Amino acid sequence: MLDPLSLVRLNDEVADDVSLQGRDLIIALDGHADAGHVMRQVRGVLLEELDAELVASFDADQLINYRERRPQITFLGDHFTAYQRPRIELYALTDGLGTPFLMLTGPEPDFQWDRFAAAVVRLATALNVRLVASFTGVPMPVPHTRQLGVTVYGNRPDLAEGVTTWNPTAEVPASAAHLIELELAQRGRDVVGFTLHVPHYLGDAEYPQVAVAALEHLGAAMGLGLPTDRLREAGRNVEEQIESQVAGSPEIQRMVSKFEERFDEHVPQQQRRSLLLGAGEPMPDAEDLAEAAEAYLSGRRAEDG
């Protein structure tokens, strides 16, 4: 393997600051699963509303498949400008209570996962990172009218106790964040991840509620006061739009009602095997939801268009 740290360019004005030592780290890399656009929303709020300073950047030119995920560029009538290079960066941030932490953010690499993960592990080790936390959203057949469920994983069972709502055993597509977490856990670092259960019929839409939930879980695990006011306000607006769409479609009403019944059936259990399934039941096929979900999303696209 080529030297992992050759992928990294440090901000010399910041990297030697001893105050960077011993912080917690949030991993916020765009991957294949981002239901409700949770990653983009959380990253935007944290970088826009908190004090943030660049610590290090990664050589995205070696890591990104440009033909698969073409960067954007602006055309102004007779010339091009504002080429938007992909950026994978490590930031030092400070929350509203003055507590510092780190965040790794940007597009998930397409290439050289082992080398990239090794570089992140070396940085985390050099900075004596304490807790590494990640998050994502996955579409699930659950209702928007109930609290979002979450699967909590990692090597800190105390952070999952009383929080996690479903912990299946399954083969799932890996992500670069998963690899980083695995490598760090094997080296004795504390790791926790939060997979939020987003209503299937809202998975393609921007759903502020899931971003609020992610920030709440991250804040509780890391002892941070993370900003949610803007997202909560946006969530109220989205909720009104959803209710309007549901009210206008008996088919969607029946779908949501079915999800509510299944959800409520399992909520009273102290330890819920699943919010969705009875013992031995298979996961509902997404095709069963497609027609109603498409009707809803088509309505949203028409409204947004």
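Structure data summary
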quantity: Candidate set: the range 13-28, residues that are of a type in the set (Asp, Glu) and surrounded by 11 or more Cβ atoms within 10 Å (Cβ to Cβ); chosen: the one farthest from residue 57 (Cα to Cα); calculated: 24
quantity: Cβ pairs under 7 Å, 6+ apart, first in the range 170-189 and under 16 Å from residue 88 (Cα atoms), second assigned to a loop (DSSP other than H, G, I, E, B) and modelled with pLDDT of 95 or more; calculated: 175/108; 176/108; 176/109
quantity: Failed condition for residue 203, given (1) modelled with pLDDT of 95 or more; (2) within 15 Å of residue 37 (Cβ to Cβ); calculated: (1)
quantity: Conditions (1) surrounded by fewer than 16 Cβ atoms within 10 Å (Cβ to Cβ); (2) in a helix (DSSP H, G or I): number failed by residue 252; calculated: (1)
quantity: Filter result (without any contact (Cβ under 8 Å) to a residue 60 or more places away in the chain and touching a helix residue (DSSP H, G or I) at 6+ places or on another chain (Cβ under 9 Å)) within the range 90-101; calculated: 90, 91, 93
quantity: Near pairs, Cβ below 6 angstrom, 6+ apart or cross-chain, from the range 65-82 (free of Cβ contacts under 8 Å to residues at least 24 places away in the same chain) to any residue that is surrounded by 10 or more Cβ atoms within 10 Å (Cβ to Cβ) and part of a strand (DSSP E or B); calculated: 81/74; 82/74
quantity: Residues of the range 87-114 that turn out to be farther than 30 Å from residue 220 by Cβ and either at pLDDT below 95 or polar (S, T, N, Q) (or both), as a count; calculated: 1
quantity: Lone unmet requirement of (1) surrounded by fewer than 23 Cβ atoms within 10 Å (Cβ to Cβ); (2) not in a helix (DSSP H, G or I) for residue 195; calculated: (1)
quantity: Given (1) closer than 18 Å to residue 42 by Cα; (2) touching a strand residue (DSSP E or B) at 6+ places or on another chain (Cβ under 6 Å); (3) not in a loop (DSSP other than H, G, I, E, B), index of the condition residue 211 fails; calculated: (2)
quantity: Criterion: hydroxyl-bearing (Ser, Thr, Tyr) and under 16 Å from residue 175 (Cβ atoms) - qualifying residue of 125, 151; calculated: 151
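Rundown of residues vs (1) more than 30 Å from residue 96 (Cα to Cα); (2) of a type in the set (D, E, K, R); (3) in a helix (DSSP H, G or I), yes/no style:
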site: 171; (1), (2), (3): yes, yes, no
site: 224; (1), (2), (3): no, no, no
site: 233; (1), (2), (3): no, yes, yes
site: 238; (1), (2), (3): no, no, yes
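The values are calculated or read from the model by the stated rules, or taken from the named source; none is laboratory data. Bear in mind the structure is a predicted one, so any value in this text is a computation, not a measurement. Cβ atoms come from the backbone with ideal geometry, glycine included; neighbour counts cover every protein chain shown.
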